Amino acid sequence: MFKRKSGARRRSLVLVASLCACAGAGPVVAQDAADEGPAAEAKRPRVSRAKPTSPNATINLVNLLVKQGVLSEDQAKALVEQAANEAYVQRQAAKDATAKAGDAAKVATAAAAAASPPGVKHVTYVPEVVKRQLRDDIKKEVMATAERENWASPGKYPEWASRIRFYGDMRMRYRGIYYPSGNDQYDAVNFNAINTGSPYDVSKTNPYYYPTYDVTQNRDQFRFRGRLGMLADLHDGFSAGLRFAGGENNSPVSQNQTFGANGGNFSNYSLWIDRAFFKYQPIDGVTLSAGRTDNPIWSPTDLVWYRDIGFDGFSAQGRYEIVPGITSFVSGGAFPVFNTDLNAGINLPSYGGGPPTKLPSHDKWLFAGQIGAAVKLDDDYAFKVAASYYDFSKVQGESSSPCRVYSASDGCDTDLTRPSFAQRGNTYTPLRSIISDTSNSGGTTNQYQYFGLAQQFRPFVAAGEIDFGHFDPIHVVLDGEYLVNTAFDGKTRPDLLANNLVGAFEMSPGAWFPGYYVGGKYGYLASVTVGHKEIRRIWDWNVFAGYKYLGSDAMVDAFVDADFGLGGTNLKGYFVGGNLGVGENVWLSLRWMSANNISGVPYAVDVLHVDLNGKF
C-alpha cells in the first residue's frame with residue numbers, strides 16, 4: 001500500500017495515471033489517492049481524454065519520475081504492470097464486440113436475401129394524378145405566400161405598403177394688394193384682434209385707437225403653400241387619412257406662408273395638421289366620416305365656403321343612380337365649431353363673496369344637410385343642382401349679466417359667446433353689461449369690451465352647374481350659387497346693447513348700432529369657365545370670369561373666401577383669370593379680383609395673384 005504523500009507528489013501520481021489511461025491502459029488510481037475517500041475523488045481535477053500516448057512514452061515518463069524521487073522503483077513497477085493488464089483486458093473486449101457486430105450483419109444480410117430474389121428493389125408507388133395534385137397544391141401555396149409577402153418580386157414593397165398612397169401639392173404665389181384713394185382707415189375696426197386678445201377699453205378716456213385693418217397702404221407679398229397627405233386602405237371598407245400643411249397661423253381659411261413673415265431673418269415656418277380622419281364605406285355609394293375632412297357639402301363656387309376649408313366632426317354621404325345618367329346624392333353632418341375650455345371661468349369672486357366662478361359650457365355647433373342630383377344627358381351636356389341648409393348653433397353673441405370690470409384681465413359671464421376667429425364684414429355688438437360705479441367713474445373709464453355677432457345664422461343655399469362638352473376636351477362651364485340667411489333679423493336688439501357705448505368711438509351711432517343693419521342677408525355668385533376642366537398636361541388651359549355679391553350677414557364671415565376683398569362679407573365685385581399648363585401636373589395661374597363694400601364706410605381693394613402650381 002502507498003503511504004500518504006505531499007500535495008505535489010499526489011498531483012504527480014494523478015498525472016501518471018492519466019498518461020497511462022491515454023496509452024490505452026484505462027484509469028490508474030494510486031492507493032494514496034483512493035485512501036482519501038469520495039470527497040477527495042470529487043475534488044481531483046478531471047483530465048480530458050486525448051489521443052492515445054505510446055507505451056514507450058509512458059514508461060519513459062515513469063522512469064523520469066523515479067530518478068526525480070517522486071516515485072520509488074517498486075511503485076513505478078506496480079504502475080506499469082497495472083497499466084499493461086488493463087490495456088490487455090480492453091483490447092480483448094473490443095475484439096469480442098467487433099466479432100459480434102459482424103455476425104449480426106451477416107444474419108441480417110442473409111434474411112434480406114431470402115426475402116427478395118436477386119435484382120429486386122422495393123419502391124413506394126405514387127399515382128401520377130396524386131403527384132400532379134401535390135405539385136399544384138405546393139405551387140399555389142408558395143405563390144400565394146410570395147404574392148402576399150412580395151418576396152418573389154425583387155424591389156417590390158410589402159403588401160401593407162401597397163395600400164398606402166401619398167399625395168401633395170406646392171404653390172408659389174405673388175400677391176399684390178392695391179387700395180384706391182378714399183378708403184376710411186378710421187372705421188376699419190379689426191374685431192378679430194380685439195376678441196382674440198385683450199378686451200378694448202371703449203371709454204372716451206382711452207387715448208389709444210382700437211385695432212384696425214390696413215385699407216390705405218399697398219402691399220407686395222411672396223407666399224407659398226405646401227401640403228403633404230397620406231391615404232391608407234385599412235380593409236373591410238375602412239380607410240384613414242392624414243395631411244400636413246404650412247401656414248402663418250392656425251386660420252381655417254389660409255394655408256399660405258408669406259416669405260419673411262413671422263419675424264423674418266429666414267426663420268423656420270410652422271407645420272399644421274390639416275386633415276385627420278377615418279372613413280367607412282359599408283356599401284357602395286355610402287360613406288361615413290369622422291375627424292377633420294374635406295367639406296362634405298358640394299359647393300361649385302367659393303361664395304359660401306373657402307374652397308380648402310376643413311370640417312371637424314361627423315358626416316355621412318350617399319349616392320344612388322336612379323336611372324342611367326341620373327344620380328341623386330345626399331350629405332349631412334354635425335360639426336363642432338367651438339368647444340368650451342375645461343377651466344373656463346371668471347377669476348373675480350362672485351357677488352357677495354365666494355370662490356372664483358366657473359362658467360357653464362357654451363359649445364358651438366354647425367349642423368348641415370344637402371340634397372341634389374347630377375344629370376348627364378349625353379357626352380355633350382351635363383348639369384348638377386343641389387339645395388343645402390345650415391344651422392349655426394350658439395354663434396350669436398349674448399349680453400352678459402351685470403358685471404364689474406376693473407382691468408383688461410377681468411371677465412364677464414358671456415365672454416365665451418364672442419367668435420374665436422373672424423375675418424371682416426359681419427355686424428357686431430358689445431357683450432358686457434358693465435356696472436357703472438365709482439370704480440369706473442360712473443361708466444366713463446375702464447369700459448373693457450368684447451364683441452359678439454349680432455345675428456343668428458341659418459343660411460339656405462341653392463347651387464347649380466351646367467357643363468357643355470360639345471367641343472371636348474374644351475368645355476364651357478356655368479356655375480352659380482344663391483344664399484339667404486333665413487335667421488336674419490333686420491332690427492336692432494336693445495338687450496344686446498351695453499350701456500354707455502353708443503358714440504364712444506366718436507363715430508356716428510349708426511356705425512355701431514343702426515336702426516336697421518346696413519348690410520344684408522343675401523348673397524350670389526355667377527361665373528363662366530371656358531377651356532379644359534382640369535389642368536393636367538402641358539398647354540392645357542382655361543379662362544374664367546364672374547361676379548360676386550355677399551351681404552354683411554348672409555354668412556358667418558370666418559369661413560368664406562379669404563382672397564376676394566381680402567376676406568369676409570359685405571363685399572361685391574368681379575374677378576377674372578386663367579390657367580395654363582407648363583408641364584405634367586404643373587401650371588401657371590393668374591387671377592384679378594376687384595371688390596367694394598356693399599354698404600357702410602367706403603372700402604375698396606384690388607388683389608392680383610400670380611401662381612406657379614404643382615401636384616403629385
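The values are calculated or read from the model by the stated rules, or taken from the named source; none is laboratory data. Computed from a predicted structure; not experimentally measured. Counting neighbours? That spans all protein chains shown, and the Cβs are built from the backbone with ideal geometry, glycine included. Areas reflect the complete protein model, heavy atoms only, side chains present, ligands, DNA and RNA absent. Shrake-Rupley method; radii C 1.70, N 1.55, O 1.52, S 1.80 Å.
For segment 546-580, which positions are under 10 Å from MET593 (Cα atoms) and aliphatic (A, V, I, L, M)?
LEU566, VAL576 - these are the residues of segment 546-580 that are under 10 Å from MET593 (Cα atoms) and aliphatic (A, V, I, L, M).
Against the conditions (1) closer than 30 Å to TRP272 by Cβ; (2) surrounded by 12 or more Cβ atoms within 10 Å (Cβ to Cβ), where does TYR157 fall short? Just the number, please.
(2)
Just one of (1) in contact with an Asp or Glu (Cβ under 9 Å, 6 or more places away or on another chain); (2) open to solvent by less than 10 Å² (accessible area, probe 1.4 Å) trips up LYS521, so point out which.
Among (1) in contact with an Asp or Glu (Cβ under 9 Å, 6 or more places away or on another chain); (2) open to solvent by less than 10 Å² (accessible area, probe 1.4 Å), LYS521 violates only (2).
With a cut-off of at least 2 residues that are of a type in the set (A, V, I, L, M), under 27 Å from GLY480 (Cβ atoms) and more than 20 Å from the chain's Cα centre (by Cα), name the strands (runs of 3 or more DSSP E) lying wholly within segment 223-336.
Correct list: 310-323.
Need pairs with beta-carbon distance below 7 Å; first residue under 19 Å from ASP563 (Cα atoms) and within segment 173-191, second open to solvent by 30 Å² or more (accessible area, probe 1.4 Å) and of a type in the set (Asp, Glu); sequence gap 6+ or separate chains.
Cβ pairs passing all conditions: GLY176/ASP220; TYR178/ASP606.
In segment 439-463, how many residues are touching a helix residue (DSSP H, G or I) at 6+ places or on another chain (Cβ under 6 Å) and either closer than 30 Å to SER552 by Cβ or small (Gly, Ala, Ser) (or both)?
The qualifying residues number 3.
Give segment 189-214 a look and list any residue that's in contact with a helix residue (DSSP H, G or I) (Cβ under 8 Å, 6 or more places away or on another chain) and outside any loop (DSSP other than H, G, I, E, B), or say none.
Hit for segment 189-214 is TYR200, nothing else.
Does any residue of segment 331-353 turn out to be out of contact with any strand residue (DSSP E or B) (no Cβ under 9 Å at 6 or more places or on another chain) and surrounded by 14 or more Cβ atoms within 10 Å (Cβ to Cβ)?
No.
Check whether at least one residue in segment 372-385 is open to solvent by less than 30 Å² (accessible area, probe 1.4 Å), modelled with pLDDT of 95 or more and not aliphatic (A, V, I, L, M), and report yes or no.
Yes; the residues of segment 372-385 include at least one that is open to solvent by less than 30 Å² (accessible area, probe 1.4 Å), modelled with pLDDT of 95 or more and not aliphatic (A, V, I, L, M).
Could you please tell me which pairs satisfy a Cβ distance under 9 Å, a separation of 6+ or placement on different chains, a first residue in segment 132-146 that is closer than 24 Å to GLU159 by Cα, and a second residue that is open to solvent by 100 Å² or more (accessible area, probe 1.4 Å) and among the hydrophobic types (A, V, I, L, M, F, W, C)?
Cβ pairs passing all conditions: THR145/TRP151.
Looking only at residues that are crowded, with 22+ Cβ neighbours inside 10 Å and among the hydroxyl-bearing types (Ser, Thr, Tyr) in segment 547-575, which one is nearest to ASN250 (Cα to Cα)?
THR569
Scanning segment 183-238 for residues that are open to solvent by 60 Å² or more (accessible area, probe 1.4 Å) and among the basic types (Lys, Arg), which turns out farthest from GLN281 (Cα to Cα)?
Per the stated criteria, the residue is LYS204.
Would you tally the residues in segment 476-486 being among the aliphatic types (A, V, I, L, M), under 20 Å from PHE367 (Cα atoms) and either open to solvent by 20 Å² or more (accessible area, probe 1.4 Å) or modelled with pLDDT under 95 (or both)?
Count: 1.
Considering every residue within segment 580-597, establish whether at least one is among the hydroxyl-bearing types (Ser, Thr, Tyr) and surrounded by fewer than 21 Cβ atoms within 10 Å (Cβ to Cβ).
yes
Kindly provide the set of residues from segment 556-572 that are in contact with a Phe, Trp or Tyr (Cβ under 7 Å, 6 or more places away or on another chain) and not aromatic (Phe, Trp, Tyr), ordered by number.
VAL556, ALA558, VAL560, ASP561, ALA562, LEU571, LYS572
Does segment 434-475 hold any residues that are surrounded by fewer than 16 Cβ atoms within 10 Å (Cβ to Cβ), small (Gly, Ala, Ser) and over 36 Å from the mean Cα position of the chain (by Cα), and which are they?
SER436, SER439, SER441, GLY442, listed by residue number.
Just to check your reading of the model, which residue among GLY241, GLY247, GLY264 is in contact with a Leu (Cβ under 9 Å, 6 or more places away or on another chain), of a type in the set (Gly, Ala, Ser), open to solvent by less than 20 Å² (accessible area, probe 1.4 Å) and closer than 26 Å to HIS609 by Cα?
Result of the check over GLY241, GLY247, GLY264: GLY247.
Output the residues belonging to segment 379-394 that are touching a Gly at 6+ places or on another chain (Cβ under 8 Å) and charged (D, E, K, R).
Matches in segment 379-394: ASP379, ASP380, LYS384.
Check whether at least one residue in segment 526-546 is within 30 Å of ARG418 (Cβ to Cβ), out of contact with any Ser or Thr (no Cβ under 9 Å at 6 or more places or on another chain) and at pLDDT 95 or above, and report yes or no.
No.
Taking PRO296 as meeting all but one of (1) at pLDDT 95 or above; (2) over 22 Å from LEU228 (Cα atoms), write down the number of the exception.
(2)
Where in segment 359-432 are there strands (runs of 3 or more DSSP E), lying wholly inside it, with at least 1 residues that are out of contact with any Phe, Trp or Tyr (no Cβ under 8 Å at 6 or more places or on another chain)?
364-376, 381-393
All but one of (1) in contact with a His (Cβ under 8 Å, 6 or more places away or on another chain); (2) over 22 Å from SER299 (Cα atoms); (3) not β-branched (Val, Ile, Thr) hold for ASP563, so report the exception by its number.
The failed condition is (2).
Give the number of residues within segment 535-546 that are in contact (Cβ under 8 Å) with a residue 40 or more places away in the chain and open to solvent by 40 Å² or more (accessible area, probe 1.4 Å).
The number of residues fulfilling the criteria is 5.
Failed condition for ASP413, given (1) open to solvent by less than 50 Å² (accessible area, probe 1.4 Å); (2) under 30 Å from THR569 (Cβ atoms); (3) of a type in the set (Asp, Glu), with all others met?
That leaves (1) as the condition not met.
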